[in-house]
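First the structure, in the form of structure tokens, and then the observations on it.
Each value in this text was obtained by applying a stated rule to the coordinates, not by laboratory testing. Keep in mind that what you see is a predicted model, and the values were worked out from it rather than measured. Please note: Cβ atoms are built from the backbone with ideal geometry, for glycine as well, and neighbour counts cover all protein chains shown.
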Amino acid sequence: MSTEKIKILLAEDDPNLGLLLEEYLQAKGYSVTLAVNGKEAFDVFCKHSYDLCLLDVMMPLKDGFTLAKEIRVSNKQVPIIFLTAKSMKEDTIEGFNAGGDDYMTKPFSTEELLARIQAVLRRSMKAMALENTQTEFVIGKYKFNTETQLLKGGTEDVKLTTKEGQLLRLLAINQNDILDRSFALKTIWHDDNYFNSRSMDVYITKLRKYLKQDPKVEIVNVHGKGFKLLVNH
């Protein structure tokens, strides 16, 4: 995920619910593309990249399960949440078999949907971070090697501590995008309690000091969400 806003593809043929969810999620800071049937949704998906798909199951021209299977052919990673009026066990199983990550039965509250979206995105981000085997990162004029823990490019090389290195690695993987505070704490400290949170803030301050010789590089706080390693070209 490399853009500022997380991009969601919403496929929903009920115009009232579609507009309601689109407006709600946009108000929460997401970028939302609304498609009114499965065919339109697939056409849009093929032309743009998305961080998450919300797919209604019962749609004209192409149902949500078929759409998900087609999406999975070209993209194995993008999280998919099904929205459906069905609650039969067989449909739930079919949804997961089609490549779904979660399943919500209508009617549902927008707050619960938001919580499910955030949980699925956190799992997706964690999976990407765990699968990422990259050891060399370019951060502006700096080069960071995760194996040697060396940050090069300043007036002198800096040997990072283990936690400094782990934190910079997560920031670098999510360069120019938000690193979720809770995710970083649970990944590095294994607990997102208050004391670990304060400790992480200290490490962020240290990393800022190490990177300050390049004015195009900065670590910014994203209020209520986490941090972002910005590299301006």
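Listed values, structure above:
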read-out	value
Cα shape, the chain, gyration tensor, a/c 1.5 rule	prolate
For D13, residues with placed amide H under 5 Å, excluding near neighbours	none
Loop-located trypsin sites (Lys or Arg not before Pro) in the stretch 22-92, at most 10 other Cβ atoms within 10 Å (DSSP)	K76
MRE, 222 nm, helices only [DSSP H, n ≥ 4, -39500 (n - 2.57), over the chain, to nearest 500]	-14000 deg cm²/dmol
Amide H contacts under 5 Å for I80, placed H, 5+ residues apart	C53, D101, D102
Sparse-neighbourhood loop sites, GluC sites (Glu not before Pro) in the stretch 100-175 - DSSP loop, at most 13 other Cβ within 10 angstrom	E147, E156
DSSP bridge pairs, the chain: antiparallel proportion in percent, nearest 5	50
Spatially proximal lysines relative to K216 (Cα-Cα < 21 Å; intrachain offsets below 8 disregarded)	K5, K141, K143, K152, K206, K228
Full-stretch length increase - S49, T133 - with 0.36 nm per residue and alpha-carbon distance subtracted	28.0 nm
The stretch 97-109 - phi-based ³J(HN,Hα) in whole Hz, Karplus 6.51/-1.76/1.60, Gly and Pro as x	5, 7, x, x, 9, 7, 8, 10, 9, 6, x, 9, 7
Long-range amide H partners of V32 with built H, under 5 Å	I8
Computed label-point distance, nm, for sites A119 and Q213 using a 7 Å Cα→Cβ extension	4.6
³J(HN,Hα), Karplus 6.51/-1.76/1.60, whole Hz, each residue of the stretch 67-73, x for Gly, Pro	4, 4, 4, 5, 4, 5, 4
Under 17 Å from K76, Cα to Cα: lysines that are on another chain or at least 8 residues apart	K7, K47, K126
Length gained when the stretch V202-K7 is fully extended (0.36 nm per residue, less Cα-Cα span)	67.1 nm
Principal axes of the stretch 7-130: Cα extent on each, largest first, Å	37, 31, 31
A85-D191 pseudo-label distance in nm [points 7 Å out on the Cα-to-Cβ vector]	4.8
Estimated FRET transfer efficiency (K163, N75; beta-carbon r; R0 30 Å; 0.05)	0.35
Gain in span if fully extended, A27 to L150, counting 0.36 nm per residue against the direct Cα distance	40.2 nm
